[in-house]
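The values are calculated or read from the model by the stated rules, or taken from the named source; none is laboratory data. Because the structure is predicted, anything quoted here is derived from the model rather than measured. Note that each Cβ is placed from the backbone with ideal geometry, even for glycine, and that neighbours are counted across all protein chains shown.
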Amino acid sequence: MQQQVTATVKMVFDCSAAESPNEHRDRIAEDIGRLYDADSTTGVACTGFEIEAIKPPATSRIHFLCAGCGSPDVRADAYTEWDVEAGAWVLHSVYDDKTCETCGSRCSLVEVDEATGIEIEAFGMISEGEDARLVKDDETPEYYDLIVKTVPKEGGGTTDETFILHEFDDMDRAEVEIRLAAMEQLFPLSGVAFHFGRADQ
């Protein structure tokens, strides 16, 4: 008698630095597919796989967000001086006063490392009456949502709450693929997770 068991496995791949995260995902899926097609030598058989997330190397890129509303559209008062050699005004010093252009307030800033503190999530959705839920593995999504969010630090840190940096709702498959590629370019070091149900196949 056979039963289905789901295994969560962490795999590390060497990928070309010149390729986008989307291209990395496609090549990883192709490589795992070769393993999937191979004959089992252990008495178990893999009956399917789904790549739920890929994570790029943790190279630092820092973002500053408004601590009040989470917007990245923040400004700092600064002092510049004329550089004769460069022929341009150059930054001399930055003052403590910061302003958020989104909520219009003087604000403190939250520092977020893109590689460890920002995540892109794309997922299929199913309508249920007036509500909606995430698609299950064997279902075809009715539509797709995508968010770019901050990841709170465990045990405190610079922020313990989640900020939504970008949100796109009610898209078809072509639209979500375009938005996903655009967000991967905008935040190339962030983690990417997606779940499209049957549409993944």
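Some observations on this one:
Residue-wise test of (1) among the basic types (Lys, Arg); (2) closer than 30 Å to Ser20 by Cβ; (3) at pLDDT 90 or above.
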site: Ala53; (1), (2), (3): no, yes, no
site: Pro56; (1), (2), (3): no, yes, no
site: Arg61; (1), (2), (3): yes, yes, no
site: Val84; (1), (2), (3): no, no, yes
site: Leu91; (1), (2), (3): no, no, yes
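- Residues of the range 100-141 satisfying the condition of being touching a Lys or Arg at 6+ places or on another chain (Cβ under 9 Å) and of a type in the set (A, V, I, L, M): Leu109, Ala115, Ile118, Ile120, Ala122, Met125, Ile126, Val135
- Test: residue in the range 1-15 that is modelled with pLDDT under 75, assigned to a loop (DSSP other than H, G, I, E, B) and in contact with a His (Cβ under 9 Å, 6 or more places away or on another chain): no
- Conditions (1) in a strand (DSSP E or B); (2) under 30 Å from Val5 (Cα atoms); number of the one not met by Arg34: (1)
- Taking first residues from the range 94-109 that are free of Cβ contacts under 8 Å to residues at least 12 places away in the same chain and partners that are of a type in the set (Lys, Arg), the Cβ contacts under 9 Å between residues at least 6 apart in sequence or on separate chains come to Arg106/Lys98.
- For the range 65-96, a residue qualifies if it is among the small types (Gly, Ala, Ser), over 13 Å from Ser108 (Cα atoms) and surrounded by 11 or more Cβ atoms within 10 Å (Cβ to Cβ), and exactly one does: Ala78.
- Flag for Thr8 being among the β-branched types (Val, Ile, Thr) and not assigned by TED's automatic domain parsing to the domain that holds Phe194: yes
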